[in-house]
Amino acid sequence: MSSQSKLVAALVAFFVLAGGATYVIVKRSGEEETQVAEQDLPTLPEIDREAITTLVITRPAPEEGGAAETVRLEKRGETWHVVAPVEALADSNAVDTALSRLDELEITGIAATNPDNHERLEVSDAKAIRVEVMAGDETVITLLVGAYRGRSTMARLPDDDRVLALKGSIKFAFNKALKDWRDKRILDEAAEEVVAVRFESTNGTFSFARDAAGAWVQAEGEAPIERFGSTKVQSLVSSLANMRAVDFAAADVTASAAGFDAATGTVTLQIREGGDEAASAEAAEAAEAAEAAEAAEGAEGAEAAEGAAPAPSVPTRTVRVQIGASREGNEFYVRREGDATIYVISQYLADRARPAASAFQDAEPGAEGASEMAPEMPPGLGLGGPGGGLGGPGGELPPELMEQIQRQLQQAASMM
């Protein structure tokens, strides 16, 4: 028998003895290429995201000796809620991301079979994020989610030593603190529907209303603000109408402890009721007033035009938020009237809710900075770096970092 025939026979015998197992090459960061047996893959259950009613996510203790954090989310009707360790509305985007990742689970191979690798791949009981998925009273799947390696997420089924390589990034969808599962919306209003606003704080009291053209003007009886800029009011209203929290007060923080007995600021918004229908009616009324003014002549016409300036009266509802005391110096407690939840907002947003007169002034002509500039990004949102690229030298951002950047950008947008 030739040497070539002997080699072929040896290979055939090897695969027969190995039970038909195949081998794949896995390259790990900072390690040499190693061969890992790709054994029979387990079958994951088909997950219908619409049938999922409960998610229980347990994150490992952040440091040795600490306590693991378990968050339980339940679907009630069409709305998801956090039910433990607190009762609160859930962040719909966070839940949707988690459900999407579960809906797309796909095993691409076996990354390891030896339990000695569990710790390194972060799928050990002590390091993995435990995700329990339920449909009614039935547990659909329990998954131990680990590290992200080579465009795959390491994961393990309980009581199974095999480490699965799941396609894509999954960990970031579940690696969230309690605050990131909660709905951070304090106000969620359309800025264009705000027809009046009042700011009260130690920096002063200022009231504004929209005129018939939709521009902001000082309310009747207000002391004139020098170089008043209507767009300055609009900028603040846009920030506050979509106010978002960065965190929530600890469970033992009372309203008094949060400083609401002597609030540092109050913002009152008058929101137009009826949406587009009310806006159309208001526009029609404004158009009629404008036509009447144009029809008038001389001094009498000027008086008519002046009388047409205030915005027509429309049904409104009142929304009010209070700014309380500071937390750790650079954050502030805030609450919405009628809502017992005590939120925490950034100092940047708290300052915009407690403006001084200068916040409504255009720059003096010719002064440095008089031109309209884009608002400065809040700290921590610089996306550049050496070379100015988003991903630095490698060019590709890890999914966890990209998801964090997206959350920060959404928060920044709500503050501008």
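The numbers here are math on the coordinates, done by the rules we state, and not lab data. Keep in mind it's a predicted model, so treat the numbers as computed, not measured. Backbone-built Cβ (ideal geometry, glycine too); neighbour counts: all protein chains shown.
Annotations for the structure displayed:
- Across q = 0.13, 0.14 Å⁻¹, region 120-259 modelled as identical point scatterers on its alpha-carbon atoms has Debye log10 I(q)/I(0) values of -0.77, -0.82, in the order of the q list.
- Going by neighbour counts of Cβ atoms within 10 Å, the residues E331, E78, E337 line up, fewest first, as E78, E337, E331.
- Length added when fully stretched, A357-V86, from 0.36 nm per residue minus Cα-Cα: 93.5 nm
- Remark: L89, L105 ranked as L89, L105, counting other beta-carbon atoms within 10 Å and listing the fewest first.
- For a paramagnetic label modelled on T70 (point 7 Å from Cα along Cα→Cβ), amide N atoms under 18 Å away belong, within region 132-150, to 132-145.
- Panel order for H81, H118, by other beta carbons found within 10 Å of each beta carbon, from fewest to most: H81, H118.
- For region 35-99, averaging the sequence separation of C-alpha pairs within contact (under 8 Å, six or more residues apart) and dividing by the residue count gives a relative contact order of 19 percent.
- Set K75/K176; K75/K127; K75/K167; K179/K232; K75/K179 screened for pairs whose C-alpha atoms are more than 21 Å apart: K75/K127; K75/K167; K179/K232
- At full extension, A255 and E50 could sit 70.0 nm farther apart than now, given 0.36 nm per residue minus the alpha carbon distance.
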